[in-house]
Every structure is written in C-alpha cells, then in structure tokens.
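Everything below concerns the one structure shown next.
Nothing in this text is a laboratory measurement; each read-out follows from the coordinates by a stated rule. Fair warning: this is a prediction, and the values are worked out from it, not measured in the lab. Cβ: placed from backbone, ideal geometry, glycine included. Neighbour counts: every protein chain shown.
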Amino acid sequence: MDIEVERPTAPVSGVKAFFVAGLGTALEYYDFLIYGLAAGLVFNHVFFPAQDPLLGTLYAFAAFGTGFFARPLGGVVIGHFGDRVGRRKMLVLTLVTMGLATLGVGLLPTYEQVGPLAPALLVALRLVQGFAAGGEWGGAALFGMENAPANRRGLWGSFTSTGIGLGTLLGTGVFALVSIGFDGDLTGFAWRIPFLLVGTLLLIGLIARLGMPAEGGDDEPAEVPLVEAVRHRPRAVLLGLGVSYGYNTIAYIGFTFFLSYLTGLGYGATESLLGQLAYSAVLFGSAPAFALLSDRIGRRPTMVLGGVSTSLFLFAYFPMVGALDVVLAVVAFAVTGLLTGITQGPIRAFLGEQFPARMRYSGMSVSYQLGAALGGGTASFIATGLLVLTGHDPMSVAVYGSFAMLVLVACSLGLDETAFRTAERIDEG
C-alpha cells in the first residue's frame, strides 16, 4: 500500500517555522555541542586519563568523532521514514532520542570509578546522539524550506542554522557560567551540570515539535527514497557530500579543536569559553544573513565566498590567538563565527534543492551526513594529530582547513544553481 508524503495543509508563519525547525534544532545541538566542549576541556581527564594531556585530548576527540559515524545511518533510516510517513513524527523521535542520550552522559561514572567501562559507555551514548543528529538535520531544514515563500527558501532553510547558533550559544554560555562558578575546575561535578539541564530543554523542544501543523497531501513518495536519490541524482549526492565535508571540517575545527588549542597555549578554560561565546553569538546572526544573501545572488556564489574567505583567514587566526591576548583571541573567534556563517546559512537550501520532494529527506540527509562523518567526525582528531606530528606547528592545521575549503568550493561550483527555481520546477526535475 502506498503511503502519501505528508505536507502541511495550511500556510505556516515564519515564527512557527522557526520554533519548529530552529528552536528544536537549537536544543538538539545544545546537546551535541556540550559534548564537544567537554571533549575539548575535561573528558581527557575524567574518561581518558593519560600522562600526556595532548594524548588524552586526542583520545577524547576520537570518541567525539564516533558520533559522526552513526550520523549517516540516522540520516538513512530517519530520512527514509521522513519521506514515507512525514516530517513531524521523525522530528519528535530525534529530539527525544538525543535528549535522553545526553542526560545519560551526565549520569555516567568516571574512569576512576569503573575503569574502561566508563569510556565504553560514553562512546555508546555518543553513537546514539549521532544517530539522532543524523535524522534531525534534514527534517528540520526541510520543514523550513518546504513552507517558505518562493524567494525565501534560503532564509527559512537557515532557521536550523540559526538554531544551531542559538544552541551553541546556550551550550557555551552554560559551560562558561559553570566554569566561572567553579573557578575553572570542571573535573568534579561541574562538567555534569550542562548535561543534566537537558531535561528542561527537552520539554521545551517537545512542546514546539508536537505543535507542528497537521500534514497531508497528494504527492506520492519514492518506494525506497534513498535508492531513488542515488539512482537518479548520483551527482547531487556525491557533490553534496563534498560540500558537507568541507563545511563540517571547518565548523568542528572552529568550535572543538580551537577551544582545546587555546587551553594548550595557556588560556584558562573560562577565557577559552569567552572566545567560543563570541564565535556562537556572531554565528547566530551571520548564518541567516548570508542565507538571505543566497536568496538574492544565488547559492553557489555565496558558498564560494565563504570557502575562499575562510581559507584565507585560517592563516591569520593562529598568529592572533598565539599572541596570548584575550581580546585578540575573542576577535579571532568572532571573525571565525562570521565566516562560518557564510557557508552554514545557505547549505541546507542548497543541498535540499538538488532533490525532488519525494526523495529529498533521504537524498540530502545521506549526502550531508556522509560528509559530516568524513569531515566533522575526523576534524578535531586530525587537527590535534597534525600538531603532534609537526611539533605543535599550527600552520599545518591552517593548510588542512584550507584543503577542506577547496573541496567545498569545487563541489559547490559543480552543483546546480537552484536559488531562482520554483519549487514545482525542482520537484519535476
């Protein structure tokens, strides 16, 4: 029996779309971010103790990366059912799954208490987080895109980007407050507080998602949407993977590796988190601004602008933070947030518009999440490894990040320019 694709039966306001797509994603990425912050600041002590602190950080980032390798599976499974039975059910599922896994991390025993079982449980919960995040990304972006006015798909699709900025701002802010409250010592009970707060945030997100409008419609989904996407849109899947690889590499260098790099230089945890707060605050505004720009000048030129400018700035970032001046470091983080927003804003609409609606959730999810696994899942680990191999030379990381941006630019130029196509023309393609 065929199952109809669910589509909204009544117009959705921008505010409603933001609360469903943006707020829900903010809460999910709060969960995802605080894990990354903890990996950079404290997990090397409580779960991966080692004589060399940099080696412990390397192990912590390896565990952080395991979540990314569950994301493609989440994108495939949740994307399939999102195309077959609708967006709302899957978005509620991803939110609850992520929230419970994050709460579980906050309750874990440490390595000192139970030995190797502690990091094993941490990795297991990280895999659950990754699975949920893999399904969340595509569904939330599509809710905004598919309800947007014709000339605002980039902006409405970026509600998830705005949500990520808000989530990173919340997560970093909580960590910063906890760090201040505990005089910079996060190795005791303090690191658990951001994870335990997720129960309240989960409730807020559920209210928003359960209030999504009823769906229904006449569009018939593909029988196996992922197979259809790979068969009929192989170029879009592969090039979208490359765009995602580049974007996720630089994004996770920006808010995980950079944080641990600052502490390694001698900045305190609170000072490092202040830089991260600047990054998140600027990203919160820059992502929708550049998504709107992509509605006006096109997706490809906006993505190319982001890739080139970010690549160049990497070579200035490390001397700026290397000066050991807190103000200069905060400025460096703020500029990083601005430049990350150039690609983060339009990427959802850009990838989603490459696929017709009947296979869109599956197609964009698998291409993005595979790229996220290859890029974001390895970025902090590779960057830290490069420091180890090069005697702590940060220019090796700048070269690595520039390579990722080159991949993003090349693949963006290879994808179709879709900003000025109607939704009907995209669905007919």
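A simple rule links phi to the HN-Hα coupling: the Karplus curve 6.51 cos²θ - 1.76 cosθ + 1.60 with θ = phi - 60°, which for segment 235-251 gives 5, 5, 5, 5, 5, x, 4, x, 4, 5, 4, x, 4, 5, 4, 6, 5 Hz, with x for Gly and Pro.
Relative contact order of segment 12-428, please, whole-number percent, based on alpha carbon pairs below 8 angstrom and at least 6 residues apart. Relative contact order comes out at 26 percent.
In a DSSP loop and with at most 16 other Cβ atoms within 10 Å, there are no trypsin sites (Lys or Arg not before Pro) in segment 301-409. Computed over the alpha carbons of segment 12-428, Rg followed by Dmax gives 19.9, 62 Å. Net charge of the neighbourhood of GLU417, taken over other residues with C-beta under 9 Å away and scored Lys/Arg +1, Asp/Glu -1, is +2. Here the Karplus curve 6.51 cos²θ - 1.76 cosθ + 1.60, taken at θ = phi - 60°, turns the phi angles of segment 310-320 into couplings of 5, 4, 5, 5, 3, 6, 9, 4, 5, x, 5 Hz, with x standing for Gly and Pro.
Whole-Hz Karplus values for segment 256-263 come out as 10, 5, 4, 5, 5, 5, 5, 5 Hz, taken residue by residue from phi with 6.51 cos²θ - 1.76 cosθ + 1.60 and θ = phi - 60°; glycine and proline positions read x. Working note: 222 nm ellipticity from helices only, DSSP H runs with n ≥ 4, each -39,500 (n - 2.57), summed and divided by the residues of the chain, gives -25000 deg cm²/dmol to the nearest 500.
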